[in-house]
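A short worksheet on the structure shown next.
Rule-based calculations on the coordinates, nothing more; no lab input. Quick caveat, the model's predicted, so the values are computed rather than measured. Every residue, glycine as well, gets a Cβ built from its backbone with ideal geometry; the counts of neighbours run over all protein chains shown.
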Amino acid sequence: MASLERRAKSAAGLARWLLPALALVIAAAVHRRALGAFFSTDDFVRLEEAAGLLPQARTLWRLVSEVLYVKLMLGLFGPRPLPFHIVSVALHLVNVAFVHRTGRKAGLSAAGSFFAATTFGAFPLFYTVLPSAVNINDILALTFVFLALLAFEAPTLGRAAAGVGCFVVALLCKEAVVFVPFAAVLLSRSGERLVGTARRLAPLLVVGAAFAGFYLVFREHGLGTGGEAYAVGFGVNLAHNLMTYALWSIDLVRVVPDGGLLDVNAWRIGMWPLLAFALAAALSRSRRGVILFGCAWWLVGLLPVLPLLAHSYGHYLYVPMAGFALAGAGTLDALASGLAWLLSRGRREPDRAPVERARPSAPAGAVRPASGGWRQAVVAAAFVTLAVAFAARSESLIRSRASTRLGTSQFALDPFTRKMEIARRSVSSVAGQIDRSHDSLVVFNPPGLGKAISASTGKVVGPPPPGVPQYDVVGAVLGGGLALRLFEPRLDSVVFVSRWTPEYRNFTLFLEGPGGEMAKMGRGPHAHARFSSALLDAGYLVPARDYLTALVQAFPRDRMLRLLFAAALVQTGDPDDGREQARLVLEGAPPDTISAMARGLLSRIAPTK
């Protein structure tokens, strides 16, 4: 008997740390690609501000996560992505452990808490959170709100002060957690009533309400987000956004479900998990508390972003998904309990009691199997199996999202991945070609030279339409060149232009290659002559003529450029001006190759009638 009890205690102790440790391992394995990622476009803005390349906005908005943290990391490690990603992944694992702990405190079994922690830790849409240094705002905010709630579990004066401090830090990381303490009111301690829980958490509730009020009043005056990108509305968009996030919370089918916009048809699927939560909470008294708590957490975590009109992003689910995972685990736990109850009723037979009386009694000291023990083992195995299956599907989705290309192009299908890959290629290619202690670059992309590619299929749909402003994806990703200066301090200036002008005569000429690589042409007239000649040979006559018009103004003494200009004028229907330019090439020139080419051009120009 004693040995069996020791064995049971040992197994329970093993499960106490083995399941949360397994959840951490699974989360780290699924999101391992984050450690090899580059910076995102949003990262560049904050890094450039921290490095002094952009003016620092005077605001308290996300002061900790997007100002102080970035300055600290940039000062310690420089613009290297790996240290940033290590911190993000490490804090994400801390949050996974907190989700498991919260599930246990809310009444979930060890296996149920493991399921909640694993689904949160391996959630596929976090692919856009962990590889982005600036999205530490979501991760840090959740970590500090967990710490604040932990401090208030046994509120002494010192712990209460620490808890309020943690919550203020969380709010200065990201405002998404402002209402989370209100959901925590539903997580009462043993023997504690709702009013007592609210009284215990009152300092957090007051701080959250005050911050929300200040945010609404001063959101466009330094304490929050303003402008067209963060325009809000309080109409039907609230319901559409809610259903969009509900759909994304369970979407294990689409590789890139979060396209940046709300889905007006999301309710067709998004309503079902919410109905399942409501039904489970109504029917299961034992799991009602954790389901309601998880749903409330999910909803209040979404409240700050539901009114947004311009965009809906998957990374907005980072804080809410902690609650959704707990509610999902509670619902499955309730379902398992209901099935066990139905099975136990089905096994009861009218003649069972007499048969039992006829059986011989067990020997003295024998240990009967614990009632329902096998059912608990089956439920635990089912939770572990579901969690591992969820993680495997997440791994598959993330792998596809990271590797699927846009048609036959080199660009990734996923916009987030595409921009990171372009930035990595551009930065690495430029850094290897700088040969001066100080240099300035002009990245020239003449109009009409690129190809219009469908953002949905990746197929070339033709050249850019004439008269339509050309979108330079590389220039946009690199912030007009500031990102290159961030990584390469030898660069004094970087500009992306579609029309070359004489003011760039002393800049080193670069061209955009496929996939974002940058090709160095060189500096001075010779480099420009090579590129303008290539444009003429490829049939880009008008862009070549406009380019050469500026070049002969910048380098009036260069005979090769003037000869190419003459050829461009002839080929674009202006033989008289072309003849005049060719004659200028020959004036006072020695009998060299350029002179011979100019005479050949003159001989081919038809005389004026």
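Could you sort 67-80, 477-490 so that the peptide with the highest average Cβ count within 10 Å comes first and the rest follow in order? List each step's numbers first, then the result.
Values: 67-80: 16.0, 477-490: 19.8.
Ranked from most to least packed, the peptides come out as 477-490, 67-80.
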Response to the item:
Computed on Cα atoms, the radius of gyration and Dmax of region 19-86 in angstrom are 14.8, 47
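Could you give the length gained by full extension between residue 268 and residue 501, i.e. 0.36 nm per residue of separation minus their alpha carbon distance, to one decimal place?
On the way: separation 233, 0.36 × 233 = 83.88 nm, distance 5.52 nm.
Additional length available on full extension: 78.4 nm.
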Response to the item:
At R0 = 60 Å the Cβ-Cβ FRET efficiency linking residue 378 and residue 58, nearest 0.05, sits at 0.50
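Subtracting the Cα-Cα distance from 0.36 nm times the residue separation, let me have the gained length for residue 527 to residue 576 in nm, one decimal. Could the numbers behind the result be given before it?
Values: separation 49, 0.36 × 49 = 17.64 nm, distance 2.73 nm.
Computed gain between residue 527 and residue 576 is 14.9 nm.
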Discussion item. Over the Cα atoms of region 13-344, each weighted equally, I'd like the Debye log10 I(q)/I(0) at q = 0.11, 0.15 Å⁻¹, rounded to two decimals.
Written reply: -0.71, -1.38
Fill in: residue 275-residue 339 pseudo-label distance in nm [points 7 Å out on the Cα-to-Cβ vector]
2.1
Worksheet item: Working out 0.36 nm times the residue gap between residue 399 and residue 537, then minus their Cα-Cα distance, what length gain in nm do you get to one decimal?
Response: 45.5 nm
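Under 8 Å for C-alpha pairs, at least 6 residues apart: give me the relative contact order for the chain, rounded to a whole percent.
On the way: 888 pairs, mean separation 78.5, N = 609.
Averaging sequence separation for qualifying contacts and normalising by length gives 13 percent for the chain.
If neighbour count is taken as other Cβ atoms inside 10 Å, put 86, 136, 398 in order from fewest to most. Could you put the intermediate results ahead of the total?
Numbers: 86 13, 136 29, 398 22.
Going from sparsest to densest Cβ surroundings: 86, 398, 136.
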Item to complete: Obtain the nm distance between the two label points defined at residue 385 and residue 218 by a simple spin-label model: each point lies 7 Å from its Cα along the Cα-to-C-beta direction.
Response: 5.6
Discussion item. From the helices alone, meaning DSSP H stretches of at least four residues, give me the mean residue ellipticity at 222 nm for the chain, per-run term -39500 (n - 2.57), in deg cm²/dmol to the nearest 500.
Written reply: -19000 deg cm²/dmol
Worksheet item: Of (i) 32.7, 127; (ii) 31.6, 119; (iii) 28.8, 109, which one was derived for Rg and Dmax of the Cα atoms in Å from the structure shown?
Response: (i)
Discussion item. If you restrict to DSSP beta bridges whose two residues both lie in the chain, what percentage is antiparallel, to the nearest 5?
Written reply: 50
